[in-house]
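The values are calculated or read from the model by the stated rules, or taken from the named source; none is laboratory data. Predicted model only: the values in this text are computed from it and were never measured. With ideal geometry, Cβ positions are generated from the backbone for all residues, glycine too; neighbour counts draw on all protein chains shown. Areas reflect the complete protein model, heavy atoms only, side chains present, ligands, DNA and RNA absent. Shrake-Rupley method; radii C 1.70, N 1.55, O 1.52, S 1.80 Å.
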Amino acid sequence: MKRFVVRYKVKPGRAQENEELIRKVFAELHEAAPAGVSYAAFKGLDGVSFLHIVSIDAKTGSSPISQLAAFKAFQAGIRDRCEEQPITTDLEETPIGSYGT
């Protein structure tokens, strides 16, 4: 299992656009229903910070998320939408602890 988080801040006035693009990714994920994927995205209380939490079954070798047309559209303009560019942090496979997740 590969796990990572991605965090970034969008420019003022671009949060709604970013959120709509993320919703399209989730709509396509629900339609495609790829196995071995866990994905959540959150918007910070400041209204411009975003956090994505992703777990992917490493046996497949690639992320089914990155193959989605909606994700490609999301990625296409991410640099322009961001005030603080995305930072990806890889996580250890085994959590230190977990409750209710």
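Give me the accessible area per residue for the chain, probe 1.4 Å, as a whole number in Å².
Numbers: 6780 Å² over 101 residues.
Here the per-residue accessible area is 67 Å².
Taking the chain as the region of interest, the number of lysine pairs whose Cα atoms are within less than 16 Å, with members eight or more places apart or on different chains, is 5. Summing charges over neighbours of ALA76, with a neighbour being any other residue whose Cβ is under 13 Å away from its Cβ, gives +2 when K and R count +1 and D and E count -1. Computing the accessible area with a 1.4 Å probe over protein heavy atoms, can you report the carbon and sulfur percentage for the chain? Looking at the chain in its full context, I get 55 percent from C and S. For the chain, find the longest principal axis of its Cα atoms and tell me its angle to the long axis of helix 15-32, 0 to 90°, nearest 10. Result, in degrees: 30. Annotation: GLU17 carries an accessible surface of approximately 70 Å², with a 1.4 Å probe and no ligand, DNA or RNA atoms counted.
Under the rule a/c < 1.5 gives rounded, and otherwise a/b versus b/c splits prolate from oblate, where does the chain land using the Cα gyration tensor? Kindly include the intermediate steps, with their values, before the conclusion.
Numbers: a/c = 1.88, a/b = 1.33, b/c = 1.41.
Note, shape of the chain comes out oblate.
Helix-derived [θ] at 222 nm for the chain: sum -39500 (n - 2.57) over DSSP H runs of at least 4, divide by residue count, nearest 500? Intermediate results must be reported in sequence, preceding the final value.
Details: 3 runs with 30 residues, N = 101.
Roughly -8500 deg cm²/dmol at 222 nm, from the helical runs in the chain.
Spin-label model, TYR99/LEU51: points 7 Å from Cα along the beta carbon direction are separated by 1.7 nm.
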